[in-house]
Every structure is written in C-alpha cells, then in structure tokens.
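I'd like to ask some things about the structure below.
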Amino acid sequence: MDEVIDLRLLFHQLNNQLGIILANAELLEAKATDEVSRAREAQPAASALDALGTAGEIRRGASYLVPEQ
C-alpha cells in the first residue's frame, strides 16, 4: 500500500513542478519584446506542456500496476 501512495505522490509532485515551469515559461513568453524572442520563449512552454502530457500517459499506463482500492 505504501508503494501505491508513494507513486501517486510522485506524480502529484511532478505535475506541480511542471506546472511551475510552465507558468514561468509563459511569463517569459509574455514579456518577450519581439517575435524572435517570443518564438524562443515559446519553446520551454511547449516542452512543459508535452512533459505534462507524457506524465499523464505514464500515470495512466502505470495504473494497471496499482490495485483498485
């Protein structure tokens, strides 16, 4: 049972950390003063969104390993 709680906690922490990265990347993108800078600053935000999606896929894929409560 402890392993199940730890796995859920890890996914929760990962989502929180990626959310912080995404928020900061979006702030940088919004503060960009020209199109080249905006395009450059959009890359970390897009990558953070991709990482959140990947974490969700891993969580769903791992859910079959976690017994129903």
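The values are calculated or read from the model by the stated rules, or taken from the named source; none is laboratory data. None of the values given here were measured: they were computed from a predicted structure. We place every Cβ from the backbone using ideal geometry, glycine too, and count neighbours over all the protein chains shown. Accessible surface is based on the protein model in full, side chains and every heavy atom, while ligands, DNA and RNA are left aside. Shrake-Rupley method; radii C 1.70, N 1.55, O 1.52, S 1.80 Å.
Which residue pairs have Cβ atoms closer than 9 Å, lie 6 or more positions apart in sequence or on different chains, and pair a first residue in region 11-25 that is farther than 14 Å from residue 54 by Cβ with a second residue that is of a type outside the set (S, T, N, Q) and surrounded by fewer than 15 Cβ atoms within 10 Å (Cβ to Cβ)?
25/46
For (1) surrounded by 11 or more Cβ atoms within 10 Å (Cβ to Cβ); (2) over 13 Å from the mean Cα position of the chain (by Cα), each residue gets a yes or a no:
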residue: 6; (1), (2): no, yes
residue: 13; (1), (2): no, no
residue: 17; (1), (2): yes, no
residue: 22; (1), (2): yes, no
residue: 27; (1), (2): yes, yes
residue: 30; (1), (2): no, yes
residue: 34; (1), (2): no, yes
residue: 41; (1), (2): yes, yes
residue: 60; (1), (2): no, yes
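All but one of (1) open to solvent by 80 Å² or more (accessible area, probe 1.4 Å); (2) at pLDDT below 90 hold for residue 50; state the number of the condition that does not hold.
Among (1) open to solvent by 80 Å² or more (accessible area, probe 1.4 Å); (2) at pLDDT below 90, residue 50 violates only (2).
Being in contact with a Lys or Arg (Cβ under 6 Å, 6 or more places away or on another chain) and either modelled with pLDDT of 90 or more or in a helix (DSSP H, G or I) (or both), is that true of even one residue in region 5-23? Explain how you work it out, then say what you get.
Here is the first cut: in region 5-23, the ones in contact with a Lys or Arg (Cβ under 6 Å, 6 or more places away or on another chain) are 11.
Those still in the list that are either modelled with pLDDT of 90 or more or in a helix (DSSP H, G or I) (or both) too: 11.
Within region 5-23 (the criterion being in contact with a Lys or Arg (Cβ under 6 Å, 6 or more places away or on another chain) and either modelled with pLDDT of 90 or more or in a helix (DSSP H, G or I) (or both)), the answer is yes, since at least one residue qualifies.
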